[in-house]
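The values are calculated or read from the model by the stated rules, or taken from the named source; none is laboratory data. The structure presented is a predicted model; accordingly, all values stated were derived computationally and were not measured. No Cβ is skipped: glycine too gets one built from the backbone with ideal geometry, and neighbour counts run over all protein chains shown.
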Amino acid sequence: MSTIIKPEHYHALLDTHKTEQGIKLIKDFFQENLSTELRLRRVTAPLFVLQGLGINDDLNGVERPVTFPIKDLGDQKAEVVHSLAKWKRLTLAEYNVKPGYGVYTDMNAIRADEELDNLHSLYVDQWDWEAVVTREQRNLAFLKSIVERIYAAIRRTEYLVCETYENIKPFLPEQIHFIHSEDLLQMYPDLSPKEREDAICKKYGAVFIIGIGGKLSNGEKHDGRAPDYDDWSTVAENGKEGLNGDILIWYPVLERSFELSSMGIRVDKESLLRQLKIEGKEDREQLYFHRRLLADELPLSIGGGIGQSRLCMVLLHKAHIGEIQASIWPEEMRRECAKLGMPLI
């Protein structure tokens, strides 16, 4: 059985009925705030894409997508999306979206290789969003401004939840702290990446870790990132690299760091070629998505994903993501969670 975090003296603050009401409250309110804050229009997204076009998100490059043959296409294979990181950019081009505007959608995915625990499920649901930017906006200051606006929307949603349910108290700090992954390594050189995240989140409450995907001074990556959507190899200020990152918070219910969003300024032609070379993935240059990007047929953009069930879990103070979403769990985990007061849907 996968590892379960067992918080002491945990009890759900809302019963099943109020939990379902709270999930709807959060999802309705947050997506409207996100749409307004970043000037995004809602679009309809696919559950699966054709294999071999380079459209699916490759995550860390080792996760296997769920695939199936399509009878009416001569058994050509389709893949259930891992996320819509590259599909959204194609959509921006198709809809001719102008700089300063973008799209968002409900992304539903199946990640069969996920290690199941309090935070990780086979079923992944996100608000995936993408906005067109100008060449001048491809910088760290602009990235930080977008992070702050997303975090403000999260805090407004927390306020609404606490006003609606008096027994839920706010815990998110007013400001989000920014730190580069290399600086984080220098602060905690003897800790693993996960331990560094725990340490910095416990100190500040909410953190955006910049520069994820490239190797640090110790020769290791803070975390993996596919080479063909986020721009993590751009040489930025102070010689550090990266125009992407993760939004994390310190979650007191589980006493650990908790990732809510992965996002970044997307690759342009130069950074795509550089990152494909770094990762030894130059063969991807011949795929549909990559050919269109290299032909300057796709707009410059910024985008990311924000976990829907994760945000609901945090704002409703739940200890297991299975208290928020319906998924498949090992029977032993279900029994253990029921004993711990966190029954899984």
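In table form, for the structure just shown:
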read-out: Filtered residues of the stretch 88-111 (kept if within 15 Å of residue 34 (Cβ to Cβ) and either of a type outside the set (D, E, K, R) or touching a Cys at 6+ places or on another chain (Cβ under 8 Å) (or both)); value: 101, 102, 103, 104, 105, 107
read-out: Residues within the stretch 203-252 that are at pLDDT below 95 and within 21 Å of residue 316 (Cα to Cα), tallied; value: 0
read-out: Failed item, numbered, when residue 6 is tested on (1) surrounded by fewer than 13 Cβ atoms within 10 Å (Cβ to Cβ); (2) at pLDDT below 90; value: (1)
read-out: Test: residue in the stretch 32-55 that is within 30 Å of residue 286 (Cβ to Cβ) and either of a type in the set (D, E, K, R) or part of a helix (DSSP H, G or I) (or both); value: no
read-out: Strands (runs of 3 or more DSSP E) enclosed by the stretch 101-186 - at least 3 residues per element that are surrounded by fewer than 22 Cβ atoms within 10 Å (Cβ to Cβ); value: 102-110, 177-180
read-out: Among the candidates 221, 240, residue that is free of Cβ contacts under 8 Å to residues at least 40 places away in the same chain and in contact with a helix residue (DSSP H, G or I) (Cβ under 9 Å, 6 or more places away or on another chain); value: 221
read-out: Filtered residues of the stretch 260-296 (kept if touching a residue at least 40 places away in the same chain (Cβ under 8 Å) and over 25 Å from residue 137 (Cβ atoms)); value: 279, 281, 284, 287, 288
read-out: Residue identified as at pLDDT below 95, β-branched (Val, Ile, Thr) and either crowded, with 16+ Cβ neighbours inside 10 Å or not in a strand (DSSP E or B) (or both) among 278, 302, 306, 265; value: 278
